[in-house]
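> Take this structure first; my questions come after.
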Amino acid sequence: MKIIVWIFIFLILASLGSALFFLVKDKGTSTRTAKALTWRVVFSITLFMLLLLAYHFGFIDSKL
């Protein structure tokens, strides 16, 4: 489970980095920045849902 979470965190950061790169390179004239940020949101929501499902099915537990 930890590996999957780290993969999603890497994908989120890579998408954020590519959005920054496209913002600087294109100077706001293309839609590549918006597409990269959209992928970041998709990865973030997917990670959140994955964590909720993993908790629900007992793959991770709360140690409070």
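> Compute, for the range 16-64, the length of the dipole vector about the Cα centre, with Cβ point charges of +1 (Lys, Arg) and -1 (Asp, Glu) only. Units Debye, rounded to 20.
Using Cβ point charges on Lys, Arg, Asp and Glu, the range 16-64 gives about 260 debye.
> At 7 Å along Cα-to-Cβ for each site, give me the label-to-label distance between K35 and K63 in nm.
Using points 7 Å along Cα→Cβ, the separation is 4.3 nm.
> So for the chain, taking the charge dipole from beta-carbon charges (+1 Lys/Arg, -1 Asp/Glu), which of A54, A34, L23 sits furthest toward the positive end?
L23
> A follow-up question, please. Please give the per residue accessible area of the range 1-52, computed with a probe of 1.4 Å over protein heavy atoms only, in Å².
Counting only protein heavy atoms, the per-residue value for the range 1-52 is 76 Å².
> Something else about it: Please work out how much length the chain gains when fully extended from K2 to L50, using 0.36 nm per residue of separation minus the C-alpha to C-alpha distance, in nm with one decimal.
Taking K2 through L50 to full extension adds about 16.1 nm, to one decimal.
> Calculate what fraction, in whole %, of the accessible area of the chain sits on carbon and sulfur atoms when a 1.4 Å probe is rolled over the protein chains.
76
> Please compute the length gained on full extension between V42 and F21, using 0.36 nm multiplied by the number of residues separating them and subtracting their Cα-Cα distance.
Values: separation 21, 0.36 × 21 = 7.56 nm, distance 1.90 nm.
Length gained, V42 through F21: 5.7 nm.
> While we're here: If each DSSP helix of 4+ residues adds -39,500 (n - 2.57) and the sum is divided by the residues in the chain, what number results at 222 nm, nearest 500 deg cm²/dmol? It would help to have the intermediate numbers written out before the result.
On the way: 2 runs with 50 residues, N = 64.
After summing the helix terms and dividing by residue count, I get -27500 deg cm²/dmol.
> Report which label in (1) 1.23; (2) 1.42; (3) 1.07 holds the value of Cα Rg over 2.2 N^0.38 Å derived from the coordinates of this structure.
Checking each listed value against the structure points to (2).
The values are calculated or read from the model by the stated rules, or taken from the named source; none is laboratory data. All values reported here derive from a predicted model rather than from experimental measurement. A quick note on method: Cβ atoms are made from the backbone with ideal geometry, for glycine too, and the neighbour counts reach across all protein chains shown. These area figures cover heavy atoms from the full protein model, side chains too; ligands, DNA and RNA do not enter into them. Shrake-Rupley method; radii C 1.70, N 1.55, O 1.52, S 1.80 Å.
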